[in-house]
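The values are calculated or read from the model by the stated rules, or taken from the named source; none is laboratory data. The model shown is predicted, which means the values in this text are computed figures rather than measured ones. All Cβ positions, even for glycine, are placed from backbone atoms using ideal geometry, and neighbour counts span all protein chains on display.
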Amino acid sequence: MNKEAVLVFARRPELGRVKTRLDAHIGKRLTLSLYRAFLTDTLDAARQSGATVILAHTPGPDFSEQNLADITLEQRGNTFGERFDAAFEDAANHIPEKTPLVLIGADTPHLSPQFLRKTFVALRERHAVIGESADGGFYLLGFSSRPVPISDAFSEPTKANAETVRLLRKAGLRPVFLEKQFDVDSPQDLMKLIRLMDHLHATCADWAPENTRKVLHDEEIIPLVVQIENAQKAARVTK
């Protein structure tokens, strides 16, 4: 067992059940292909970070991406917050006590192994670490030892980050704050990801979400996203 662990909190790749804000624009089939690439790249980055990889997914039949994790768990609970806390608890029960544990989702495939390793370095100094996302939530949460419950933070998604920080401090934890990142929920977010991947590819970066890049090109999603972005820009101009 490795000395750190990454917990990937994700949905089973299922048509019409993933990234629903995105499939309204590019269709359910393309969204599912893209989500599977996101999940593959996320699990691959976690593995390349040197950590034990734990996948907590929504219940249902087995799927191929499970094979990329060291440990797979089914999420349990009735609400998002309950499932979130339960995933942390179940993951902590599968690894040695006081193993640093970091949770990420499958909508930030651009988080690199190097970034995850830096996160674990930060946890050597503090008991918790949090990464705020651009929409007011967070894209990463980690603990140097036993996680604390934060399900109440999700009652207002746009305030989830601030409420999580409050709950951590209430539990006596002073978190490290990571740089703000975006997660991919909309065509605008996807455009940001495309530009970032182009930059990583052009600069020969040590790591890039190649499965995501391949799907974007092979499925011709990029021209579709550009078309959507241009249409939205034109609509704003005419208002």
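When you check V215 against the structure, is it more than 12 Å from H110 (Cα to Cα), surrounded by 13 or more Cβ atoms within 10 Å (Cβ to Cβ) and of a type in the set (A, V, I, L, M), yes or no?
Details: more than 12 Å from H110 (Cα to Cα): yes; surrounded by 13 or more Cβ atoms within 10 Å (Cβ to Cβ): yes; of a type in the set (A, V, I, L, M): yes.
Against the criterion (more than 12 Å from H110 (Cα to Cα), surrounded by 13 or more Cβ atoms within 10 Å (Cβ to Cβ) and of a type in the set (A, V, I, L, M)), V215 qualifies.
Go through the residues of segment 7-30 one by one and say whether even a single one is within 19 Å of P209 (Cα to Cα) and touching a Pro at 6+ places or on another chain (Cβ under 6 Å). No: zero hits.
For the condition buried (at least 16 other Cβ atoms within 10 Å of the Cβ), at pLDDT 95 or above and of a type in the set (K, R), what is the one hit in R76, R36? Steps first, answer last, please.
Details: R76 fails: buried (at least 16 other Cβ atoms within 10 Å of the Cβ).
The match here is R36.
Scan segment 144-156 and give yes if some residue there is more than 28 Å from R12 (Cβ to Cβ) and either in contact (Cβ under 8 Å) with a residue 12 or more places away in the chain or not hydroxyl-bearing (S, T, Y) (or both), otherwise no. Yes: one or more hits. Can D62 be described as in a helix (DSSP H, G or I) and either crowded, with 23+ Cβ neighbours inside 10 Å or more than 16 Å from the chain's Cα centre (by Cα) (or both)? Here the answer is no, as D62 does not meet what is asked. In segment 163-174, the residues that are closer than 12 Å to F143 by Cβ reach residues that are surrounded by fewer than 13 Cβ atoms within 10 Å (Cβ to Cβ) and at pLDDT below 95 with C-beta atoms within less than 9 angstrom, at least six apart or across chains, in these pairs: L168/R174.
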